[in-house]
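Report on the structure given below.
Please treat every number below as a calculation from the coordinates, not as lab data. Remember, predicted model here, so these are calculated numbers, not experimental data. Heads up, the Cβs are rebuilt from the backbone with ideal geometry, glycines too, and the neighbour counts pull from every protein chain shown.
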Amino acid sequence: MATGRNHRPATRSRGIPEATVARLPLYLRALTALSERSVPTVSSEELAAAAGVNSAKLRKDFSYLGSYGTRGVGYDVEYLVYQISRELGLTQDWPVAIVGIGNLGAALANYGGFASRGFRVAALIDADPAMAGTPVAGIPVQHADDLDRIISENGVSIGVITTPPGAAQQVCDRLVAAGVTSILNFAPTVLSVPDGVDVRKVDLSIELQILAFHEQRKAGEEGVDTAPDPAAPPVRATTGRKGPDGDMPAVMPA
């Protein structure tokens with residue numbers, strides 16, 4: 001099956017902004033949950049809250065799809081699931097190859113949510129000869145020496161890189177040379193790719209660092225104390241005159 005490689009979703013040709021494209025999976029996830037509960041319609045406010053965006057942004061995003069809902073009724077859940085799935089290219093099977101079958105690669109191979117979302121793990125690839133033939137999630141691991149053949153035979157359109165950072169660029173280059181034009185990169189490094197190749201980077205450490213920043217800020221806000229710090233140097237009085245740099249007020253002699 002090689003039809004998936006050259007087929008691209010219609011989002012770019014229809015002029016849908018990248019920011020909107022990035023939010024479509026959020027809407028689809030929320031809509032799928034509603035569909036599983038047999039909810040027939042949903043208002044823009046309810047769907048926006050479930051997706052974590054504001055309703056005005058949601059309505060703007062849906063206008064790019066040509067879907068405006070019905071006043072007093074809302075949006076048809078099943079139709080929106082189909083419409084967004086079609087825009088994202090999820091109405092067909094996308095073969096995926098995972099390169100680097102360590103803990104993370106094996107966890108992704110065992111993830112059961114790919115199939116229900118339009119993706120099929122077609123190949124597992126690793127550079128360790130000892131891994132060759134070892135089944136992971138029922139799929140035998142193949143050696144990286146055969147990467148070109150594996151990509152071609154399985155019609156792989158999306159490559160997932162879960163290798164150590166030092167090997168990621170070489171793997172990326174080989175995937176691109178084999179015809180892969182979309183890459184999901186879990187390696188903590190920036191990949192260089194030619195025009196026409198899309199890369200999405202997932203860096204768990206960066207996400208944790210961002211959360212740490214917010215935790216630190218929240219802790220700082222909770223610990224604000226109006227009492228003076230006894231260890232801080234005394235604050236000297238200032239005059240209204242400007243200092244030598246013309247900006248800071250001059251300090252009165254102690």
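Some points to look at:
- Residues with amide H under 5 Å from that of Val121, placed H, sequence gap 5 or more: Val96
- Hits among aspartates and glutamates - C-alpha to C-alpha of Lys60 under 20 Å, sequence gap 8 or more where chains match: Glu18, Glu45, Glu46, Asp76, Glu78, Glu87
- Value in Å of the Kirkwood radius, where segment 18-87 supplies the Cα pairs that are averaged: 11.7 Å
- Karplus (6.51, -1.76, 1.60) ³J(HN,Hα), θ = phi - 60°, over segment 95-108, in Hz, Gly and Pro reported as x: x, 10, 10, 9, 10, x, 9, x, 4, 5, x, 5, 5, 5
- A simple charge model with +1 on the Cβ of Lys and Arg, -1 on the Cβ of Asp and Glu and nothing else charged puts the dipole of segment 94-206 at about 360 debye relative to its Cα centre.
- Listed residues Ala50, Ser63, Val39: farthest to the positive end of the dipole of segment 34-94 (Cβ charges): Ser63
- The local environment of Ile101, defined by Cβ-Cβ distances under 10 Å, has a net charge of -2 under the rule Lys, Arg +1 and Asp, Glu -1.
- Volume per residue of the C-alpha convex hull in segment 1-141, rounded to whole Å³: 133 Å³
- ³J(HN,Hα), Karplus 6.51/-1.76/1.60, whole Hz, each residue of segment 139-156, x for Gly, Pro: 10, x, 6, 10, 7, 5, 4, 9, 4, 4, 5, 4, 4, 5, 5, 9, x, 5
- Close amide H partners of Lys201, meaning residues 5 or more places away or on another chain with modelled amide H under 5 Å apart, are Asn185.
- Overall dimensions of segment 94-206 as given by Cα atoms, namely Rg and Dmax in Å: 12.8, 36
- When Rg and Dmax are taken over the Cα atoms of segment 99-140, they come to 10.3, 32 Å.
- Other-chain or far-sequence residues with amide H under 5 Å of Thr41's (modelled H): Val77
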